[in-house]
Amino acid sequence: MPASAALPTHERTGGRDLLGRLPVVLLMAGSCLPILGAVLIAPVLPRIEDHFAHVAGSAALVPLVLTVPALSLAVLAPFAGVLVDRLGRKRLLVAATALYAVFGTAPLWLDSLHAILVSRILVGIAEAAIMTCCTTLIGDYYDGRVRDRYLALQTMCASASATVFFAVGGALGSAGWRTPFWLYAVGLLLAPAMAWALPAPAPAPAAAVEPALAQERRPFPVRRMAGICLLTVFGAAVFYTVPVEMSFLMDDLGVESTGMVGAVTALASAATVLGSVLFTKLGDHSRRRLPALFLLCALGFLLMGATDHLALLIIGAVVNCVGTGLLLPSLLTLALSRLDFADRGRGTGLWTAAFFLGEFLCPLALLAAQGVLGTLASAVLLLGLLTLLMSVALMLLTPRAPKSPPQSAGVQA
């Protein structure tokens, strides 16, 4: 069906998406692009460091080639959210996806490490716009259980793509450290497809009748979003602990086989996907289930941190990752439920910034805790205790009756 013929959200029945499958496929693909940037070149970092060994400070600068896009995304996503609400979701998404390809492939031709770092900062800016736009458009196009399923699918795609991109980056890296950067060119394929296939979102009829001036002057619900964003920073640290630290925990137990490490990492990713699938089977009360989800994550951490047996470490990681697979879409659906159409871009930008800030802080916080406590396992155990306390606090603060979500947006016919 052409984009111009798309029906409003309220005309979809029985969870059936009358927009067709292509828009959601493109939004899922777009949501995976920041993940590609986060893991694709990890396997070739040693080769990049060897290539630029003559550059002063290369030992510190080369790791930034991998991590600086996430930091840029965390810092700039709120500004991307403002642009989303002012310039329009679809227009910004198409432009950012094309620029992602341009900036992402720049290291293929750059011979300066500092120039490559600048290109990676620009990649992070493009990723901030892409992630914010994709999540905002999911909130615009869909509502109710359909929206929840697609937000869970977004988590599933991100988790699965991380494993795939890591393997692909390693395979392409055998041909040279520059080769993996060619994958960023996928943005040149996605941008025109998005321009053609994605419908232009519009506010629901009730919101559309409000005067434009009143819409512009209505204050952004800062207090409503502050709590969920702070919770998301912590939730992101919980989410990324196993992917980031599992190989180090296994190494501390004497596991030297890279094949075993890879297999366990894949198992943990599969557990996250399982959690996202389970999310689609649950009810609508994301806020009320958060204490139980943090409790599940805490149990996984406590088992991981308290054991010196590999089997129990793996079981703890699987329990934790099932919990994080449930946790991430729950946090996101809760955030979107608090946003009206006019605020959705800014609100999604703030949530995205909070999530990637938590991702960036996760290894730094665990490293600091390890320095104080002596071992990484002790640091994970401490994180488990903090997660348990978070579960108890949320249990005490969560009201018995969930709040009604604001009226959802539709799709422009």
### Query
How many of the residues in region 53-70 are buried (at least 17 other Cβ atoms within 10 Å of the Cβ) and either free of Cβ contacts under 8 Å to residues at least 24 places away in the same chain or closer than 16 Å to Pro180 by Cβ (or both)?
4
### Query
With respect to Asp308, is the statement that it is part of a loop (DSSP other than H, G, I, E, B), over 13 Å from Met246 (Cβ atoms) and at pLDDT 80 or above true?
yes
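Residue by residue, here is whether (1) at pLDDT below 80; (2) part of a helix (DSSP H, G or I); (3) of a type outside the set (Phe, Trp, Tyr) holds:
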{"site": "Leu153", "(1), (2), (3)": "no, yes, yes"}
{"site": "Ala160", "(1), (2), (3)": "yes, yes, yes"}
{"site": "Ala175", "(1), (2), (3)": "no, no, yes"}
{"site": "Ala185", "(1), (2), (3)": "no, yes, yes"}
### Single unsatisfied condition, Leu336 versus (1) surrounded by 24 or more Cβ atoms within 10 Å (Cβ to Cβ); (2) more than 17 Å from Phe239 (Cβ to Cβ); (3) of a type in the set (A, V, I, L, M); (4) without any contact (Cβ under 8 Å) to a residue 60 or more places away in the chain
(4)
### Summary
The residue from Gly254, Gly300, Gly316 that alone is over 14 Å from Leu151 (Cα atoms), without any contact (Cβ under 8 Å) to a residue 24 or more places away in the chain and assigned to a helix (DSSP H, G or I) is Gly316
### Message
Going by what's in this entry, would Gly139 be described as of a type in the set (Gly, Ala, Ser), part of a helix (DSSP H, G or I) and either modelled with pLDDT of 80 or more or farther than 22 Å from Ala271 by Cα (or both)?
### Response
yes
### Task
Scan region 241-264 and give yes if some residue there is aromatic (Phe, Trp, Tyr), surrounded by 12 or more Cβ atoms within 10 Å (Cβ to Cβ), at pLDDT 85 or above and under 30 Å from Thr67 (Cα atoms), otherwise no.
no
## Note on the structure
The residue from Gly347, Gly300, Gly384, Gly316 that alone is of a type outside the set (Phe, Trp, Tyr), buried (at least 23 other Cβ atoms within 10 Å of the Cβ) and under 20 Å from the mean Cα position of the chain (by Cα) is Gly347
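Yes/no per residue for (1) of a type in the set (Lys, Arg); (2) in the same structural domain as Leu327 (by TED's automatic domain parsing); (3) touching a residue at least 24 places away in the same chain (Cβ under 8 Å); (4) more than 20 Å from Met28 (Cβ to Cβ):
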site	(1), (2), (3), (4)
Lys90	yes, no, yes, no
Asp111	no, no, no, yes
Ile130	no, no, yes, no
Leu151	no, no, yes, no
Phe166	no, no, yes, no
Gly173	no, no, yes, yes
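The values are calculated or read from the model by the stated rules, or taken from the named source; none is laboratory data. None of these values were measured; they are calculated from a predicted model. Virtual Cβ from ideal backbone geometry, glycine too; neighbours counted across all protein chains shown.
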